[in-house]
Amino acid sequence: MYTEHKQTFIENWPEALLTLSFQSEGIELRERDVFAIGACTHEFMDAKKLLERPAFSEQLRDDIEYALSRFTGPVFVRFGGVSYHEGSIQNINNVDAVVKQLSVPSHRVASYLWDCIQSSTPVWLFLRAWQDIPRWGEFRCFIENGSVVGVSQYHCLEYFSFLLKNADEIRQLIIGFLQRLIPLLHIENVVADIAVTYQDGNFNAFLIELNPFIQRTDACLFSWSNGGDFNGRIRINRSQTDALREKSKRPYLL
Ligand SMILES: Nc1ncnc2c1ncn2[C@@H]1O[C@H](COP(=O)(O)OP(=O)(O)O)[C@@H](O)[C@H]1O
Ligand SMILES: [Mg+2]
């Protein structure tokens, strides 16, 4: 596992950075539980030559119960470096629901666990306060040598009229948030995904996750080709036509 990956994992974030994100409770997993989660996919079972899926430990249930007691609302379940993405279950607020999430077969998760096992990297499970994030409100911020070199809407094949209507306010919010984020970062080159929310007339921003500043991290409305076209701007699709043009560039994502 490469250091630029590992450093983005939540368990390696500086304490102060966590304050810009959702409330998080981390649990370092025992090997048995890592295997129990990985074994939800056949590939993992086959690769580890497992005949039966190991059961979760009782200690894990206890750890989850304790972690849940620190939250007042539902949680989002993920690992230090990966989540279940489309497989995420909503409204998780009890141990059984967390265990149900951990039992969802996910290649992303299994391959992450596999990499951790192969590189003797401890696996951390995180429960995070659930936050409703509107699709228009996710942004990917590209940071190189400690400076922001570009920001793009995250769901880059879509057009959101809300973004155009509120462009000035959202731009100011993102700039202000990044000014607070940058001094707290422990990595000079990183891609920070952030959430902008709008509730009761108020905009708010949170750090969702960090990704390595490498080509495998989707460039959204930018491109990594020929050294990248990051120009320090915030890019959004300004019309349905823009969104369709993006779609035609990436038919494989449809
Ligand atoms: N605390 C949360 N509450 C609700 N939804 C979340 C939360 N954190 C992330 N999400 C949603 O889940 C998606 C995937 O989560 P993310 O933390 O980015 O993990 P991954 O490494 O799998 O991309 C995000 O793009 C966002 O839409
Ligand atoms: Mg993400």
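Results, tabulated for the structure shown:
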{"read-out": "Matching residues, the stretch 180-193, being part of a helix (DSSP H, G or I), in contact (Cβ under 8 Å) with a residue 40 or more places away in the chain and surrounded by 14 or more Cβ atoms within 10 Å (Cβ to Cβ)", "value": "L181, L184"}
{"read-out": "So V98, is it within 16 Å of ligand 2 (Cβ to nearest atom), out of contact with any Asp or Glu (no Cβ under 6 Å at 6 or more places or on another chain) and either without any contact (Cβ under 8 Å) to a residue 12 or more places away in the chain or under 28 Å from Q7 (Cβ atoms) (or both)", "value": "no"}
{"read-out": "Close pairs (6 angstrom Cβ cut-off, 6 or more residues apart or separate chains): within 14 Å of Y2 (Cα to Cα) in the stretch 212-225, assigned to a helix (DSSP H, G or I) anywhere", "value": "P212/E4; P212/H5"}
{"read-out": "Condition met for S57 (surrounded by 15 or more Cβ atoms within 10 Å (Cβ to Cβ), more than 16 Å from ligand 1 (Cβ to nearest atom) and of a type in the set (S, T, Y))", "value": "yes"}
{"read-out": "Neighbours by Cβ (under 7 Å, 6+ apart or cross-chain): first from the stretch 64-88, farther than 15 Å from I133 by Cβ; second within 11 Å of ligand 2 (Cβ to nearest atom) and in a helix (DSSP H, G or I)", "value": "V82/R108"}
{"read-out": "Condition broken by I10, with the remaining ones in (1) surrounded by 18 or more Cβ atoms within 10 Å (Cβ to Cβ); (2) farther than 30 Å from N145 by Cβ; (3) of a type in the set (A, V, I, L, M) satisfied", "value": "(2)"}
{"read-out": "Residue under evaluation V104, criteria (1) of a type in the set (A, V, I, L, M); (2) part of a loop (DSSP other than H, G, I, E, B); (3) within 30 Å of L244 (Cβ to Cβ), criterion not met", "value": "(3)"}
{"read-out": "Enumeration of residues in the stretch 122-179 that are without any contact (Cβ under 8 Å) to a residue 60 or more places away in the chain, small (G, A, S) and part of a helix (DSSP H, G or I)", "value": "S161, G176"}
{"read-out": "Condition broken by I64, with the remaining ones in (1) within 30 Å of R238 (Cβ to Cβ); (2) more than 16 Å from ligand 2 (Cβ to nearest atom); (3) surrounded by 17 or more Cβ atoms within 10 Å (Cβ to Cβ) satisfied", "value": "(1)"}
{"read-out": "Selection count where residues are under 22 Å from the mean Cα position of the chain (by Cα) and assigned to a loop (DSSP other than H, G, I, E, B), scope the stretch 198-236", "value": "14"}
{"read-out": "Complete set of residues in the stretch 36-67 that are closer than 22 Å to H107 by Cα, within 22 Å of the chain's Cα centre (by Cα) and assigned to a helix (DSSP H, G or I)", "value": "I37, G38"}
{"read-out": "The stretch 188-198 - residue that is within 16 Å of ligand 2 (Cβ to nearest atom) and out of contact with any helix residue (DSSP H, G or I) (no Cβ under 7 Å at 6 or more places or on another chain) and, of those, farthest from E4 (Cα to Cα)", "value": "D193"}
{"read-out": "Residue that is nearest to L20 (Cα to Cα), among those in the stretch 75-108 that are more than 9 Å from ligand 1 (Cβ to nearest atom) and β-branched (V, I, T)", "value": "V77"}
{"read-out": "Selection from the stretch 69-100 of residues that are surrounded by 21 or more Cβ atoms within 10 Å (Cβ to Cβ) and farther than 19 Å from E209 by Cα", "value": "I92, V98"}
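Results for (1) over 18 Å from L20 (Cα atoms); (2) in contact with a Phe, Trp or Tyr (Cβ under 7 Å, 6 or more places away or on another chain); (3) among the basic types (K, R), shown as yes or no for each residue.
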residue	(1), (2), (3)
S152	yes, yes, no
R180	no, no, yes
C220	yes, yes, no
N231	yes, no, no
T241	yes, no, no
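Laboratory data are not the source of any read-out in this text; all were calculated from the coordinates shown. This is a predicted model, so every value here is computed, not measured. Positions of Cβ are generated from backbone atoms using ideal geometry, with glycine treated the same way; all protein chains shown enter the neighbour counts.
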